[in-house]
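Input: a single structure, listed below in structure tokens.
The values are calculated or read from the model by the stated rules, or taken from the named source; none is laboratory data. Note that the structure is predicted; figures quoted are calculated from it, not measured. Positions of Cβ are generated from backbone atoms using ideal geometry, with glycine treated the same way; all protein chains shown enter the neighbour counts.
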């Protein structure tokens, strides 16, 4: 059996989706968490000098969505058929659009521009993206975004919407 280690900061952020997938799969793993101020001292030990990092049997993998995709496939959450895989991925794209809109506002330094972005998100972007998610959910008619059981798409949507 593979040995897993997830390395990330000591908060939800980009590591939480992988943590959720581990929990749903009932898979044991080592959850290594750093305080933000401690990260610079150890970052050179990890691939790309960035986090999150997943170690599987000692081999490192980077990039949060690549890690989550790997875990979803390994644990059976990335769709049950070839048709379900792009259906999962399209929901992930919408979730990514929501995240990008929120991050854009969060990172904006100019307070006037930030207020404009927040208003645009509140009045246009977020309702549109949530409408897309609602349409996918209604069209599938099972209570899940894809197929008839919990998939990566459901977990990713929960993670991002909970964090928002």
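Here are some notes:
- Within region 106-135, the set of residues being within 21 Å of residue 158 (Cβ to Cβ) and touching a helix residue (DSSP H, G or I) at 6+ places or on another chain (Cβ under 6 Å) comprises 121, 125, 129, 132, 133.
- Inter-residue pairs, beta-carbon under 6 Å, first without any contact (Cβ under 8 Å) to a residue 24 or more places away in the chain and in region 72-88, second surrounded by 15 or more Cβ atoms within 10 Å (Cβ to Cβ), 6+ apart: 85/79
- Taking the conditions (1) in a helix (DSSP H, G or I); (2) without any contact (Cβ under 8 Å) to a residue 24 or more places away in the chain; (3) surrounded by 12 or more Cβ atoms within 10 Å (Cβ to Cβ) in turn, residue 129 satisfies each one other than (2).
- You will find that of 28, 55, the residue that is modelled with pLDDT of 95 or more, more than 23 Å from residue 161 (Cα to Cα) and surrounded by 15 or more Cβ atoms within 10 Å (Cβ to Cβ) is 55 and no other.
- Only one entry of 80, 2, 69 meets the criterion of being within 24 Å of residue 137 (Cβ to Cβ) and more than 18 Å from the chain's Cα centre (by Cα), and that entry is 80.
- So residue 115, is it part of a helix (DSSP H, G or I) and either surrounded by 14 or more Cβ atoms within 10 Å (Cβ to Cβ) or at pLDDT below 95 (or both): no
- Residue 8 being over 18 Å from residue 162 (Cβ atoms) and under 19 Å from the mean Cα position of the chain (by Cα): no
- Within region 1-23, residues that are in a helix (DSSP H, G or I) sit with their Cβ atoms under 6 Å from residues that are surrounded by fewer than 20 Cβ atoms within 10 Å (Cβ to Cβ) and at pLDDT below 95, at 6+ positions apart or across chains, in these pairs: 14/64.
- Residues (closer than 21 Å to residue 82 by Cβ and more than 20 Å from the chain's Cα centre (by Cα)) located in region 122-156: 139, 140, 141, 142, 148
- Residue match in region 75-82 (condition: part of a helix (DSSP H, G or I) and either surrounded by fewer than 16 Cβ atoms within 10 Å (Cβ to Cβ) or assigned by TED's automatic domain parsing to the domain that holds residue 56 (or both)): no
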